[in-house]
Every structure is written in C-alpha cells, then in structure tokens.
Amino acid sequence: MLKLRTPYPRFVNAKEIIHGVNSIKALRGLQAVKVALIIGLSLSKKEELLKKITSSINCHQLHVIIRSWEDEPTLSSLQPVLDELIPFQPDCIIAIGGGSVIDGVKLVWAFYEHPGLSDSVLSRAFALPKLRGKARFCAIPTTAGTGSEVSSSAVFFDPEKRKKVPVVTHDFLPDLVILDPNLLVGIPRNILLSTVIDALSHAIEGYVSKLNNPLMDRFSELAISSISNHILKAIDFRNEEILAELQYAAMLAGWVQNHCVVGVSHALAHQMGSFKVPHGVANAIFLPLSIRFNSQDNDTKQRYALLAKNSGIGDSFYDLEQLIIRISQFGSFSLKLSDYGFTEEYTKDLLLLQNALDDPGARFNPVSLDHEKLTNLLENAL
C-alpha cells in the first residue's frame, strides 16, 4: 500500500489465516481451476491424511507433486518440481510441510512466474519482480516453529559458497495460511522439540534485535509464555488443542522474525547446513550461548530480563537460557557440534566465519561481532 519508507514500525502479514481443528476443510472454499499441491515425502506416505486433504480442495484439476529436495533446497534441486509444474500451468499453488518445504515452494513459485531469474536478483532484498501474475499461493505448515508461513523470505543453500541465501519479498506472504493442529498429531518428538526451539529463537532474538517494534515485543512475550506452558504437555498427550497453542506461538514468533530479524544464534545456525545439523537443533545449541554472550551488554541484559518477566518465566537472562535447555533435554538429539562432525579446525574456517558475519542475524544482533567472537562461540559449542 505505502510506497514511501516510514520511520514507524509496521506490520505485514499473509492475506488470510484460517486456524483450528479440521481447518484444512477451509480448502473447500478455494476458488481455483488448476491447483498444484506440493508436499514433503513424509506426507506422501500418510495415505489417509493425504486423501482427506486432497478431497477438501475445491478445483477442476489437482496435481500432487512430491518435493525434489532434502533439507534446505538448492536452486538446482527445484528443477524436477518445476518440470512438473510448468506444463500443468496452475493458477493456485499449495505448499504443505515444514519450513524447507514451504521455502522451496516459494522459490518454485518465483521461477514459475519468472523463468530465468538471475542470482543477483535472488540475493538482493526486495529485487524480485511481482508475483501472482500466474498463480496464488497457500501455505499449510506441518510443524510448529519455522514461521515460514508468515515470512517474507525463502532460503536456499548455495553449496559453492557454503551458505544459506535468503530471498526476500513481501510477495512471498501467502494469500492463505491454514493452521490445522491435526497435521501435527503424528509429528516425531525430536522434530516437534527442535522446531519449537526455532520459534523460541525467533521470539528471543527478535526481542533484542536492533530493529525495535513494540507490537512485536508483545508477540515475543506471548509466544514464549505459551511455549513454556504447553510444550511438555504436547510431548505427553499430542492433544489437538495443545498443539494448536504451539502453532499460534510459532506464528507469533514468525511475525517477530519477519519484522525484527534475528541474531547471532541464527547467523551461526545458518552455517550448519553442511554438517547436517537440523536448523532447530543448531539453535538449541547456539541460543543459550548467544544469550550469555549478548548479556555482556547491560542494556541487552536488561531486555532479556524484561522478556523473562513479561513472559512469566522468571526475571533474568538465565531463565531464558534454562527454558531452552530444559526443553532440549526432552529430545534425543546431541547438543554438541562435535557429534555432527564439526571439529575445532572449523571454528577458524574463514569462509564459514565470514558467511556468519554477513548473515542478517549478525547485522541485527545487539552486540557487535567479529571473527574472533564467532570463533569463541563455536568453540564453546563443541
């Protein structure tokens, strides 16, 4: 709406969000001729659930495509999906899955709308041409944490530069988001825990970011309070109402990440793709360390204390650290980088350190960073 940049905090969001138990049925109101449904491999194996989803989609033609990438997509890994998508010519694209599925489908959508996009356009924020000339976009998450469904960015991995590259445009915000807790009922414990920790990292790092937004502060506090109150119940009972609360918390934290960016925990976590450390697990490793590091600055230390107090979990940065550690202990994943093949020599890898320093999370971290400080954080994570 506004073309001028303003000095005031703003709120941008998906056009429509439907939520609640069995809200997947809202797809019956979809008005589309051809729908491309792009899903992850795990959903493709759940025949009954997939049948329930496809029978809810109101369209003349439906084409189901299984994603062709693992973990974070590379640009080349998108091609098999594009090879199916382009001949079909959908006017609506639906992504159902975790963050890497939704991110990959955003990129597929961009190449479907604009074939031949150059690397320079992709890597420059807000340089992407307008979308929706051919299709609308719907995102339906099956995890509670990544926030990709309310994010203006999509991330791909560049294997040559060994870095994650964010593609940023508000056009990536979906036309429709559906949060149905039924899609989380069978989620493995480690994935539930690690994605929830990712949501925590969005809320905590956004709260102390250099980008101040009072509305996002309230969202951070609500997200942390809800996660603290519901995560252990969700592990034990997998109740739809409890899982719905985690979905809402992840969405709140996703809004924070989208408006305030993140910090050094994410800057380092983004470098762990080469070592096959799941993104949420990487944040479980780095977030307590980054809170301790940033608390050397008294103003940031006080912000953490305010966040802990307003979230109802304590009154200091230490309480935020302990919340992350406590949740992590219920998983069966290691919190030592050395267990993923990350050795001491990598702590001084100049390309890795520079990629982390160039990451938006490093730029908006409340405490300045350099190679030496990043090396110390990596050494403490071994």
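The values are calculated or read from the model by the stated rules, or taken from the named source; none is laboratory data. In this text, all values refer to a predicted model and were calculated from it rather than measured experimentally. Every residue, glycine among them, receives a Cβ derived from its backbone with ideal geometry; neighbour counts consider all protein chains shown.
Residues in the range 206-253 that are of a type in the set (Phe, Trp, Tyr) and within 20 Å of the chain's Cα centre (by Cα): Tyr207, Phe219, Tyr248. Scanning the range 74-118 for residues that are outside any helix (DSSP H, G or I) and either in contact with an Asp or Glu (Cβ under 7 Å, 6 or more places away or on another chain) or of a type in the set (Gly, Ala, Ser) (or both) yields a count of 5. Quick test of your reading of the structure: Asp297 fulfils all but one of (1) modelled with pLDDT of 95 or more; (2) in contact with a helix residue (DSSP H, G or I) (Cβ under 7 Å, 6 or more places away or on another chain); (3) within 20 Å of Leu357 (Cα to Cα). Name the failing condition by number. Looking at each condition in turn, Asp297 falls short on (2).
Looking at Gly312, Gly331, just one residue is crowded, with 18+ Cβ neighbours inside 10 Å, more than 14 Å from Leu378 (Cβ to Cβ) and either more than 20 Å from the chain's Cα centre (by Cα) or assigned by TED's automatic domain parsing to the domain that holds Asn376 (or both), and that residue is Gly331.
Tell me, please, whether a residue that is crowded, with 18+ Cβ neighbours inside 10 Å and out of contact with any strand residue (DSSP E or B) (no Cβ under 8 Å at 6 or more places or on another chain) can be found in the range 5-19. Taking every residue of the range 5-19 in turn, none turns out to be crowded, with 18+ Cβ neighbours inside 10 Å and out of contact with any strand residue (DSSP E or B) (no Cβ under 8 Å at 6 or more places or on another chain).
If you check Ala154, Ala135, Ala144, which single one turns out to be in the same structural domain as Ala95 (by TED's automatic domain parsing) and either surrounded by fewer than 24 Cβ atoms within 10 Å (Cβ to Cβ) or touching a Cys at 6+ places or on another chain (Cβ under 9 Å) (or both)?
Ala135
Of all residues in the range 210-225, those that are surrounded by fewer than 24 Cβ atoms within 10 Å (Cβ to Cβ) and not acidic (Asp, Glu) total 9. The single condition among (1) modelled with pLDDT under 95; (2) within 25 Å of His279 (Cβ to Cβ); (3) within 22 Å of the chain's Cα centre (by Cα) that Pro9 does not meet is (2). Filtering Ile197, Ile191 for residues that are on the phi < 0 side of the Ramachandran plot, assigned to a helix (DSSP H, G or I) and modelled with pLDDT under 95 leaves a single hit, Ile191. Under the condition of being of a type outside the set (Ser, Thr, Tyr) and out of contact with any Leu (no Cβ under 8 Å at 6 or more places or on another chain), the residues counted in the range 90-118 number 12.
Can you confirm whether Asn283 is over 18 Å from the mean Cα position of the chain (by Cα) and polar (S, T, N, Q)? Considered against the rule, which asks whether it is over 18 Å from the mean Cα position of the chain (by Cα) and polar (S, T, N, Q), Asn283 comes out as no.
Under the condition of being in contact with a helix residue (DSSP H, G or I) (Cβ under 6 Å, 6 or more places away or on another chain) and in a helix (DSSP H, G or I), which residue from the range 206-216 is nearest to Gln302 (Cα to Cα)?
Filtering first and then ranking leaves Tyr207.
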